[in-house]
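Beneath this line is the structure, given in structure tokens, with notes to follow.
The values are calculated or read from the model by the stated rules, or taken from the named source; none is laboratory data. Please read these numbers as outputs of a predicted model, since none were measured by experiment. Because the Cβ atoms are built from the backbone with ideal geometry, glycine has one as well, and the counts that use them run over all protein chains shown.
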Amino acid sequence: MWYNNAMKNNCIFCAIAAGEIPSFKIYEDDLVLAYLDINPFSTGHTLVIPKIHSEGLLDTGDETLAAVISRVKKVAAHLRTALPCEGFNILQNNGQAAGQTVKHLHFHIVPRCGMAPLAFDGAPADMEELKALAGRIGMI
Ligand code: AMP
Ligand code: ZN
């Protein structure tokens, strides 16, 4: 499929979907992939993407959107028990003005614990710690 030629598309999330760039996967099926954010807002911060490229909410087909949001629910439910966490935020940025830095549709799942405030800027995670965390969370 065309999205497997990620470099042609010049999109980092297409490259992740194609397996050309490594990621710490939490969930994968034919249409959707979920993996840990490498600059997490909180422990277990996960991104959920369609494997087929679109830029944001408005240029994504309804069927793809439905598939992605159903997996957002599935992955969030898993994180709640696997981490565990008490709650979570769903964030989806559209356009530079909204803080979108990667132009491939993605939903952020940001686990929340206690009263820890949410910071919308993550620092780069330690890759070994992220790998260990992915192992603890486990693939769904
Ligand atoms: P946004 O600002 O909504 O476009 O979010 C893009 C997110 O992608 C940021 O939180 C980045 O930390 C994250 N990100 C960028 N590159 C990677 C990567 N290779 N693996 C995992 N997450 C990434
Ligand atoms: Zn893409």
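For residue 37, are the conditions met, namely being away from ligand 1 (no atom under 14 Å from the Cβ), modelled with pLDDT of 95 or more and of a type in the set (Asp, Glu)? No: the conditions fail for residue 37.
Among the residues of the range 99-131, the ones that are within 23 Å of residue 73 (Cα to Cα) and in a helix (DSSP H, G or I) come to 2 in all.
Residues in the range 11-63 that are in contact with a helix residue (DSSP H, G or I) (Cβ under 7 Å, 6 or more places away or on another chain), of a type in the set (Phe, Trp, Tyr) and within 13 Å of ligand 2 (Cβ to nearest atom): there are none. Among the residues of the range 86-115, the ones that are of a type in the set (Gly, Ala, Ser) and exposed (fewer than 11 other Cβ atoms within 10 Å of the Cβ) come to 3 in all. With respect to the conditions (1) under 16 Å from residue 26 (Cα atoms); (2) among the small types (Gly, Ala, Ser); (3) surrounded by fewer than 18 Cβ atoms within 10 Å (Cβ to Cβ); (4) in contact (Cβ under 8 Å) with a residue 40 or more places away in the chain, residue 134 lacks only one, and its number is (3). Restricting attention to the range 81-108 and to residues that are in contact with a strand residue (DSSP E or B) (Cβ under 7 Å, 6 or more places away or on another chain) and free of Cβ contacts under 8 Å to residues at least 40 places away in the same chain, the residue that is farthest from residue 122 (Cα to Cα) turns out to be 86. Contact map, the range 49-68: first residue closer than 14 Å to residue 93 by Cα and among the polar types (S, T, N, Q), second residue assigned to a loop (DSSP other than H, G, I, E, B) and more than 14 Å from ligand 1 (Cβ to nearest atom), Cβ cut-off under 8 Å, separation 6 or more or different chains; pairs are 54/60; 54/61.
Is the range 56-72 home to any residue that is at pLDDT 95 or above and in contact with a His (Cβ under 6 Å, 6 or more places away or on another chain)? No, that holds for no residue.
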